[in-house]
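In what follows, a single structure is set out as structure tokens and then discussed.
What follows is calculated from the coordinates using simple rules that are stated; it is not laboratory data. Worth saying up front: this structure is predicted, and the values here are computed from it rather than measured. FYI the Cβ positions are ideal-geometry reconstructions off the backbone, even for glycines, and counts take in every protein chain you see.
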Amino acid sequence: MLFCRSSISTHLNYRVRVWFQFTSSISSLKVVWRKDEKLDEAIENEKKWRLCARVVKEVLNEPGQVIPLRYLEKRRERMRLPLKVDTFLDRNPGLFDTYLDRIKPKSEPVRFIRVGERLQRFLEEEKRINRENEGLVVAKLCKLLMMAKDKVVSADKLVHVKREFGFPNDFMVSLVPKYPEYFRLVGCPGEGKSFLELVTWKPELAKSAIEESAEKESNLTGIRVRPSFNVKLPPGFFLKKEMREWIRDWMELPYVSPYEDASNLDQASPEMEKRTVGVFHELLSLSLFKRIPVPILGKFTEDYRFSNAFASVFTRHSGIFYVSLKGGIKTAMLREAYRGSELIDRDPLLKINDKFVEMLAEGHRERAEKLRLQRETVQKEMEMMALRNSEQGSYACGEEMQKIEDLDC
């Protein structure tokens, strides 16, 4: 009996110690941020095409998809375009056509730009890829609602993150109404008071990437694998002993699915920390590039029950996430999704981005060939001029020699 009481007491003391460790020191645990050049490179590699995408988006959002060139020039700062629009058009041929038109009936004609033939072909290809992957987009949208508190998310927020998850530009009007068995739109998007509700819970979608990975491994090995985060610290990364012990104990806690009801969890509990990490992991897994800017995630604090200090989770769990500072903005990245600077498993919707990059490359090759022909033409003209000058010099020299001979005579 004494032994039994002693064991119970020891176990309770351990539980109290661990609970105290989590609740009292979780906010004081600090991990020094360390630069990961390869993951930063993944963002840097897309810098050029993202710049082009911003300009394209600006024009496509205009009525009739046309805009006076000078108006676009005034928006350079907002688009973060470091060069003049004329220079941008010259360096990216085929994106837009220029033509003269009047802004007002009696005004002088000015230069306008409109969608070019090459860009139009890409937009048709984008529609085709979206149609082929409509089921994937619907599943992603369902999952975002299934993780949310009360299974409701602001429609305007979802529109704001459409590019992060690969949703079509007009998905609220072209896609959502097609699936009334899954979605209910309350209010009108754009007014700040519209919401998208989940109508039907889909059990087959209530599995996170972590759970699916564990299930896949269990099927391959025949051994039940417990869902767990993949901790992948970069080379040379060092954690203090206190932090290593904390992570070890935290990893031993049961995995909390982001699709489970979390309304009964205390915000400061280790279980809530486990769920928060799980939600972030799932959100990044659903995103196109397995990364999302931290300020964008912050917009969903209420929807997904994040604490106000949610950003500290990314540095506290540096073996799971990485926070890049590229472009002057914090971007949360999923470490396991990358091998060096390359994505391991590519989202099917990334075909759209690949087609966009191919379109830009086609224009760049066209420009390079044009510049090469111009250089060759200039070179030939210079050689012809040099030859003519040489011939004229020889002829003049001959005349001078003849004069000298005549004088000698």
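If you average the C-alpha positions of the range 79-103 and of the range 270-312 separately, how far apart do those two centres end up, in angstrom?
So the two Cα centres are separated by 38 Å.
Across the chain, where is the longest run that never hits GluC sites (Glu not before Pro) in a DSSP loop with at most 12 other C-beta atoms within 10 Å? Before the final figure, lay out the partial values.
Values: sites that count: 181, 191, 302.
That would be 1-180.
Which whole-Hz ³J(HN,Hα) couplings does the range 208-217 yield from phi under the Karplus relation 6.51 cos²θ - 1.76 cosθ + 1.60, θ = phi - 60°, glycine and proline marked x?
Values per residue, Gly and Pro as x: 7, 4, 5, 5, 5, 5, 5, 5, 4, 5 Hz.
For the chain, place one equal point scatterer on every Cα, skip the solvent, and apply the Debye formula. What is log10 of I(q)/I(0) at q = 0.09, 0.14 Å⁻¹?
For the chain, the Cα-only Debye profile gives -0.71, -1.36.
Quick one: grab the alpha carbon gyration tensor of the range 133-201, order the square roots of its eigenvalues as a ≥ b ≥ c, and give me rounded if a/c is under 1.5, else prolate or oblate depending on whether a/b is larger than b/c.
It comes out rounded by the Cα gyration axes.
In terms of modelled amide H atoms, which long-range or inter-chain residues lie less than 5 Å from the amide H of residue 310?
Those lying under 5 Å, H to H, from residue 310: there are none.
Counting C-alpha atoms alone, how compact is the range 121-267: give Rg to one decimal and Dmax as a whole number, in angstrom.
Gyration radius and largest Cα-Cα distance of the range 121-267: 19.4, 57 Å.
How big is the charge dipole of the chain about its Cα centre, in debye rounded to the nearest 20, if each Lys and Arg gets +1 on its Cβ and each Asp and Glu gets -1 on its Cβ?
Value, rounded to 20: 1820 debye.
How far is the Cα center of the range 332-367 from the Cα center of the range 176-249, in Å?
23
Can you give me the three principal axis dimensions of the range 56-120 from its C-alpha atoms, in Å, biggest first?
Sorted from largest, the Cα extents of the range 56-120 read 33, 26, 21 Å.
Using the Kirkwood radius over Cα pairs, work out the Stokes-Einstein diffusion coefficient for the range 41-196 at 10 °C and 1.306 mPa s, in µm²/s as a whole number.
The estimated diffusion coefficient comes to 88 µm²/s.
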